[in-house]
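Take a look at the structure set out below.
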Amino acid sequence: MTYKRKKHHKGVLHLKKSWRTKRRTKDLDEIDEDLKEENAKQLINQEVDLDKPGAAQYYCIHCARYFINERALQDHFATKVHKRRLKALELEPYTIEDSERASGKGNFKLPQKRKIETIETDNDINKESKIMKVTD
């Protein structure tokens, strides 16, 4: 007889909810808000928080993940997971206006595709500009 672990806590709602939402990350529409310029600057230039991995200094905006160092963040940019997330973010998020158009209050239009590129930290941008100044 094989033993099967129960995955749901029947009747115990506080445990059931914690199991369902334990590893929940941000949705695509929340990440789309983070990609706006003023929010992106705040997320990239976060204050030091020792409770988060890498003291909250190495953050991937597209995946909403913290990394322990610059090397781990750069390795993440080359992974399939990150590339899939960039691909998913290419389509504009579904809005209230879209739902109203779908219900008959206006003309339906397809969501637009957009070009999404990896946003790296400001430190990398500053290093590149310094290198360019030295070589000029």
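Table for the structure above
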| quantity | calculated |
| --- | --- |
| The stretch 4-39: number of residues that are β-branched (Val, Ile, Thr) and either in contact with an Asp or Glu (Cβ under 8 Å, 6 or more places away or on another chain) or at pLDDT below 70 (or both) | 1 |
| Selection from the stretch 43-56 of residues that are surrounded by 12 or more Cβ atoms within 10 Å (Cβ to Cβ) and without any contact (Cβ under 8 Å) to a residue 60 or more places away in the chain | LEU43, GLN46, ASP49, LYS52, PRO53, GLY54, ALA55, ALA56 |
| Qualifying residues in the stretch 64-76 (those that are over 12 Å from the mean Cα position of the chain (by Cα) and touching a residue at least 12 places away in the same chain (Cβ under 8 Å)) - the one surrounded by the most Cβ atoms within 10 Å (Cβ to Cβ) | LEU73 |
| Filtered residue count, the stretch 98-120, keeping only those that are surrounded by 12 or more Cβ atoms within 10 Å (Cβ to Cβ), acidic (Asp, Glu) and either assigned to a loop (DSSP other than H, G, I, E, B) or touching a residue at least 24 places away in the same chain (Cβ under 8 Å) (or both) | 1 |
| Selection within the stretch 68-97 - under 16 Å from ASP34 (Cβ atoms) and in a loop (DSSP other than H, G, I, E, B) | LEU89, GLU90, GLU92, PRO93 |
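The values are calculated or read from the model by the stated rules, or taken from the named source; none is laboratory data. A quick note: this is a predicted structure, and the numbers were derived from the prediction, not measured. Note: ideal-geometry Cβ built from the backbone for every residue, glycine included; neighbour counts use all protein chains shown.
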